[in-house]
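Have a look at the structure below before the remarks.
The values are calculated or read from the model by the stated rules, or taken from the named source; none is laboratory data. All values derive from a computational prediction rather than experimental measurement. Every residue, glycine as well, gets a Cβ built from its backbone with ideal geometry; the counts of neighbours run over all protein chains shown. Please note that ligands, DNA and RNA were not included when accessible areas were found on the heavy atoms of the full protein model with its side chains. Shrake-Rupley method; radii C 1.70, N 1.55, O 1.52, S 1.80 Å.
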Amino acid sequence: MYGFNRLLWVFIVLQSIMSFGYGLSFGAIFMYINAAAPDRASLGTTHGLSQMMISLVRAIGPASANGLFSLSIEHEYLGGNLVYCVFFVMTCIGVVATNYLLPQKVWNQP
């Protein structure tokens, strides 16, 4: 078929592998959220705040991504590819920030 070459199948396999890892990461995320709570009495508040922030990001993220995409295409910033450069920089900042913001130990060990 037209357009279905080996490179496409390589990308499909890579996307499937990364999607599997994304699903497994939720357990680790909730362990870090539990570790961020100052005591057991505030676990509910901590989880509520984290869910509120997740909902906020899931609402704002797609709208801002679509706006940036249409802006970069309409005004041809970086040949219409500004949106991808911004996403790449944001991803790099996020990866570096996780090394400094997340606690080194998830559980308090005696």
* To do: List the number of the failed condition for Thr45; all other conditions in (1) closer than 22 Å to Leu102 by Cβ; (2) open to solvent by 80 Å² or more (accessible area, probe 1.4 Å); (3) within 16 Å of the chain's Cα centre (by Cα) hold.
  => (3)
* To do: Please find, within region 56-71, the residue that is least open to solvent (accessible area, probe 1.4 Å) out of those that are over 14 Å from Met90 (Cβ atoms) and among the small types (Gly, Ala, Ser).
  => Gly67
* To do: Might you check whether a residue that is surrounded by fewer than 10 Cβ atoms within 10 Å (Cβ to Cβ), within 24 Å of Ser25 (Cα to Cα), at pLDDT below 85 and within 16 Å of the chain's Cα centre (by Cα) occurs anywhere in region 80-101?
  => yes
* Scanning region 1-41 for residues that are within 15 Å of Lys105 (Cα to Cα) and in a loop (DSSP other than H, G, I, E, B), which turns out least open to solvent (accessible area, probe 1.4 Å)? -> Ala37
